[in-house]
Amino acid sequence: MRKINFLLILMVLLVCGAPKSYAQLVGTNFFLQGRYLEIGQLNNGAFGACTSIAGYHPHSPGATIGSPLAEVYDYGKDGWAVGTPPFMGDYTYPGSPFEGWGLQIGANRTHARQQCPAGVYQNGGAGIGLVGANTTYTNSGGSVRGMWIGSASGGTVQIRQETRVDTLASAVIVTTVLRNTAATATAPMYYMRSCDPDNDQTWPGGGFFTNNTIVHQNEDARHRVLVSARGAGYPAAAYMGLGTKDCRARCCIYNAWPLAATVDFATVWNGTYMTATYGLGQTSNGDIGIALTYNLGSIAAGDSTILSYAYIFDGNLGIDSAFPDPRIVVNGVPRVSFAPPTPNFDTFDACLYPGMTTLPVNILNATDRNWSWSRWTWSPGIGLSSTTGVNNTINIAALPPMITYTITGTDSATGMFSCHNKTFYLTILTCNGAVSNSPCAGDTLWLNAPGDSSLATYQWYGPAPSTTVFSTTQRTFLYPATTAMSGVYAVIKTVPGGADTSFTTVTVNHKPTVTASSNAPLCIGAANTLSLTATVDSPVIGYSWTATPPPFVSSMPNPTIPGFSISDTGLYQVVVTTVHGCRDTSSVR
């Protein structure tokens, strides 16, 4: 009996200590609860349920169970009753509660805005007849999701908006699909999410002011767009960011509430909204708001578009965990994913797995969030179970001694906007003959005759037509590689009873040479522009400029910095990358 009781107690502890998440639809409101993050959503899709339920942690002035709930976060990840303060928020409920989203079609728009006792719709121009409701929820697979279903323009624009909190997440993800069911294309469309952050106002010493920064403005190949708000009064300085990875989006900080019906979303997106701040790295502090705006263009008849963004609560780096890059997984092992435009070069040596006949390969994070509508292709098709999709099985027996697959992904199968592109190069070594790499000039060329080497001797020749033996080991290295080393190599493997000859083709790829220059020296002044130039001797696919000490990044070949100031002085470095991964760097001061 004692043993049974002990086991029961152990099971209870294990279950109670495990990560949990819950989704609930109570009345017309959604409640989504992860381990560290809780969200309340009104029936119009805005955050800020006017009443909460037991088991959640509302925190507004005088809050008790049943008080309003928008977003609260256990920033210490140590329990909702631990720490000083034990958690942060409510982030958008203090004071005049402002949070919501809006859609504009042509010159007309409607906002779904937080307001109690119920969410409201606020029209601009003639309005677009935005209607909808929280409908269904799911609680499985390590995430909780609530679905808002609605329409606009008399039902011709169908809207499906999913709000998602993963069990251990520090961000709430909103993914929206807009579908045009009309017989003609829509007028140009804009989408906006916006709030007035009051991150730490609900705690003693906190206030309505936040320190707000444009962290990313689509300045790199990841297409990151992020505006952050930090509490300015409470010592914990609670953080909230509003961001996405989407080249159609722009973020801003504004000094007036932009969900007012008179504000044209197009002016907010294109930077002509007079009270807003847009520049990368710029700040604007006070009891003001932040916004994320999408220029969706016109949606063709019968077509759709998708967008995905997040409120992030764990700092600026949280955008990359909220929107993770695709990663190749080979035989169950995820490989490192390099920042675009640098492609991935991965190798799998089947010789290390005797008896392996098939190799599973899949792409992680390749059909989720801003990659939800992705398209992936694989080539060549030799030994593949499929030439499309994110899951594949490679028949090892059908392969030559070495084969390199090119796996290419784009974020939209429909050509919706094609901001994101990712390329993986996967080389499979099969133990069926001589193998080699194809290095960049200046790197190491290696050649191998894989397989059982017991009692074997080797003779390496090459590149053809050379007949000189340059190595007698099973695996050999040549350094530094030069383009003259390209060609066909042969190895004769001799074992008792006979000999066998295998061949492998080597391509030593050209390493680019880049020279950085500028129009310095410059006089300091608003009328002067620093111009940086990267001169390259061969085609490249990517440029990466950085600087020390000024905080500067750019993926342009020849970036400029207008209004040259003393803070812009420093060492500027550019790295260029070819399609084969060959790189060179140069600096200018």
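Those strands (runs of 3 or more DSSP E) of region 284-395 in which at least 3 residues are among the β-branched types (Val, Ile, Thr), considering only elements entirely within it, cover 304-312, 327-330, 358-364.
So, in region 505-522, of the ones that are in a loop (DSSP other than H, G, I, E, B) and in contact (Cβ under 8 Å) with a residue 40 or more places away in the chain, which residue ends up farthest from the chain's Cα centre (by Cα)? Per the criteria, the residue is 522. The residue list 295, 285 contains one member that is more than 22 Å from the chain's Cα centre (by Cα) and open to solvent by 30 Å² or more (accessible area, probe 1.4 Å), which is 285. Of the listed requirements (1) closer than 19 Å to residue 318 by Cα; (2) over 22 Å from the mean Cα position of the chain (by Cα), residue 181 misses just one: (1).
Hey, does region 454-472 have a residue that's open to solvent by 40 Å² or more (accessible area, probe 1.4 Å), assigned to a strand (DSSP E or B) and in contact (Cβ under 8 Å) with a residue 40 or more places away in the chain? No, region 454-472 has no match at all.
Of the residues making up region 134-154, those that are open to solvent by 10 Å² or more (accessible area, probe 1.4 Å) and among the aliphatic types (A, V, I, L, M) are 147, 149. Looking only at region 340-367, residues that are open to solvent by 40 Å² or more (accessible area, probe 1.4 Å) and within 27 Å of residue 544 (Cα to Cα) come to 5 in all. Of the residues screened, residue 31 is one that is without any contact (Cβ under 8 Å) to a residue 60 or more places away in the chain, open to solvent by less than 10 Å² (accessible area, probe 1.4 Å) and out of contact with any His (no Cβ under 8 Å at 6 or more places or on another chain). All of 533, 548, 569 fail the test of being of a type in the set (Ser, Thr, Tyr) and surrounded by fewer than 14 Cβ atoms within 10 Å (Cβ to Cβ), apart from 548. Does at least one position in region 42-64 carry a residue that is of a type in the set (Ser, Thr, Tyr), buried (at least 24 other Cβ atoms within 10 Å of the Cβ) and touching a residue at least 24 places away in the same chain (Cβ under 8 Å)? Checked region 42-64: no residue is of a type in the set (Ser, Thr, Tyr), buried (at least 24 other Cβ atoms within 10 Å of the Cβ) and touching a residue at least 24 places away in the same chain (Cβ under 8 Å). Taking the criterion of being buried (at least 17 other Cβ atoms within 10 Å of the Cβ) and among the aliphatic types (A, V, I, L, M), the only residue of region 330-339 that qualifies is 330.
How many residues, within region 171-218, are in contact with a helix residue (DSSP H, G or I) (Cβ under 8 Å, 6 or more places away or on another chain) and in a loop (DSSP other than H, G, I, E, B)? Number satisfying all stated conditions: 4.
Yes/no per residue for (1) in a loop (DSSP other than H, G, I, E, B); (2) among the small types (Gly, Ala, Ser); (3) in contact with a Gly (Cβ under 6 Å, 6 or more places away or on another chain); (4) modelled with pLDDT of 95 or more:
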residue	(1), (2), (3), (4)
103	no, no, no, yes
111	no, no, yes, no
117	yes, no, no, no
135	no, no, no, yes
147	no, no, no, yes
160	no, no, no, yes
165	no, no, yes, yes
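Can you find a residue that is open to solvent by less than 40 Å² (accessible area, probe 1.4 Å), touching a Gly at 6+ places or on another chain (Cβ under 8 Å), of a type outside the set (Gly, Ala, Ser) and assigned to a strand (DSSP E or B) anywhere in region 483-500? Yes: one or more hits. For region 368-386, taking the residues that are at pLDDT 95 or above and exposed (fewer than 15 other Cβ atoms within 10 Å of the Cβ), the one that is nearest to residue 161 (Cα to Cα) is identified as 377. Quick check on residue 409: is it closer than 30 Å to residue 295 by Cβ, of a type in the set (Gly, Ala, Ser), modelled with pLDDT of 90 or more and open to solvent by less than 50 Å² (accessible area, probe 1.4 Å)? So residue 409 fits the description; yes.
Each row is one residue, and each column tells you yes or no for (1) surrounded by fewer than 22 Cβ atoms within 10 Å (Cβ to Cβ); (2) within 22 Å of residue 36 (Cα to Cα).
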{"site": "156", "(1), (2)": "yes, no"}
{"site": "177", "(1), (2)": "yes, no"}
{"site": "183", "(1), (2)": "yes, no"}
{"site": "193", "(1), (2)": "no, no"}
{"site": "206", "(1), (2)": "no, yes"}
{"site": "217", "(1), (2)": "yes, no"}
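Total residues in region 71-85 satisfying the condition of being open to solvent by less than 10 Å² (accessible area, probe 1.4 Å) and either modelled with pLDDT under 95 or among the basic types (Lys, Arg) (or both): the figure is 1. Restricting 445, 429 to residues that are open to solvent by less than 30 Å² (accessible area, probe 1.4 Å) and either at pLDDT 95 or above or under 21 Å from the mean Cα position of the chain (by Cα) (or both) narrows the list to 445.
Looking only at region 97-116, residues that are open to solvent by 10 Å² or more (accessible area, probe 1.4 Å), in contact with a Cys (Cβ under 7 Å, 6 or more places away or on another chain) and not aromatic (Phe, Trp, Tyr) come to 1 in all.
Inspect region 305-322 for any residue being over 21 Å from residue 227 (Cβ atoms), modelled with pLDDT of 90 or more and surrounded by fewer than 18 Cβ atoms within 10 Å (Cβ to Cβ) and give the result as yes or no. No. Across region 230-259, the number of residues qualifying as open to solvent by 20 Å² or more (accessible area, probe 1.4 Å), in contact (Cβ under 8 Å) with a residue 60 or more places away in the chain and small (Gly, Ala, Ser) comes to 1. Within region 86-96, does at least one residue satisfy the condition of being under 30 Å from residue 207 (Cα atoms), part of a strand (DSSP E or B) and open to solvent by less than 40 Å² (accessible area, probe 1.4 Å)? Yes, the conditions are met somewhere in region 86-96.
A count restricted to region 262-280 and to residues that are assigned to a loop (DSSP other than H, G, I, E, B) and without any contact (Cβ under 8 Å) to a residue 40 or more places away in the chain stands at 5.
Take residue 221 and decide whether it is assigned to a loop (DSSP other than H, G, I, E, B), at pLDDT below 95 and hydrophobic (A, V, I, L, M, F, W, C).
yes
The values are calculated or read from the model by the stated rules, or taken from the named source; none is laboratory data. This is a predicted model, so every value here is computed, not measured. Glycine also receives a Cβ, built like all others from the backbone with ideal geometry; neighbour counts cover every protein chain displayed. These accessible areas exclude ligands, DNA and RNA; they are computed on the full protein's heavy atoms, side chains included. Shrake-Rupley method; radii C 1.70, N 1.55, O 1.52, S 1.80 Å.
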